Amino acid sequence: MKNPIRILLVDDHFIVRMGLSTLLSSQSDFQVVAEAEDMEQALAAFDQDRPDITLLDVRMPGGSGLEALVQILSHEPKARVIMLSTFELEAPILAAYDAGAAGYLNKACQFAELAEAIRTVNRGERCFPSTLRMLLAARAGQRCLTPREVQTLDLIRRGLSNKEIGHVLHISENTAKAHVKGVLHKLSVTDRAEAVAAAYDRGLLEVE
């Protein structure tokens, strides 16, 4: 018998984690090896347990799921991460794809779909909504934010200065300033408030 697929489950809602853990553990080829409720716990659990698959909530305390994804992949480029969200907005799907996620699923999906996605990703394939190909075609030639710029945008939303953004992202203040400038340019806005408003309109940010 093959070794079970080892899974790290990250979600800030205890009841959601408990339900998913129970369902996943009911499958003979799955093993939930760790759970986490925020970004700090997720990164620590990944480093300690090195799961085959990480199920990562797009929204969580202490940092966005995208930020956690970027950090996980910086530690282990071959990590297989499936993003979970309550929304199927275009921007988060594309951002997750560009950042290197192996999959993206709506939390409203059937468990059979989630289970198949885990098995698919574990085989080394990627699993995204069927609309992804159309999204990729539609954005051709458009100015899209990089994963780092999406992180910067989230920190702008939180009111951080360039210096504070640099501290959080472990980059210089000048580099942070360049990222902010890039965000404003790509969103065709003139200030931070307009950038945040445009980001909500385009689905780049979700209401907390």
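Where a number appears in this text, it was derived from the coordinates with a stated rule and is not lab data. In this text, all values refer to a predicted model and were calculated from it rather than measured experimentally. Because the Cβ atoms are built from the backbone with ideal geometry, glycine has one as well, and the counts that use them run over all protein chains shown.
Some observations on this one:
- Rough spin-label spacing in nm, given labels placed 7 Å along Cα→Cβ, for VAL16 and ASN3: 3.0 nm
- Over 30 Å (Cα to Cα) - which of LYS2/LYS107; LYS78/LYS107; LYS2/LYS78; LYS107/LYS163 fall in this group: LYS107/LYS163
- The LYS163 and ASN106 beta-carbon pair, evaluated with R₀ = 41 Å, returns a calculated FRET efficiency of approximately 0.65.
- The ratio of the alpha-carbon radius of gyration of the chain to the globular-protein estimate 2.2 N^0.38 Å is 1.04.
- Ellipsoid equivalent to the range 147-202 - semi-axes via the Cα gyration tensor, in Å: 18, 11, 9
- Fully extended contour minus Cα-Cα distance, from SER130 to ASN174, at 0.36 nm per residue: 11.9 nm
- Which of VAL121, ALA96, PHE46, positive extreme of dipole for the range 18-128 (C-beta unit charges): VAL121
- Between the Cα long axis of helix 65-75 and the first principal axis of the chain there is an angle of about 80°, rounded to the nearest 10.
- Residue among ALA45, ALA108, ALA96 with the largest mean-square fluctuation in a Gaussian network model of the chain, springs linking Cα atoms under 10 Å: ALA108
- Mean residue ellipticity, 222 nm, helices only, the chain: the sum of -39500 (n - 2.57) across DSSP H runs of n ≥ 4, divided by residue count and rounded to 500, is -15500 deg cm²/dmol.
- Total charge dipole magnitude, the range 1-119, about the Cα centre, Cβ charges on Lys, Arg, Asp, Glu only, Debye to nearest 20: 380 debye
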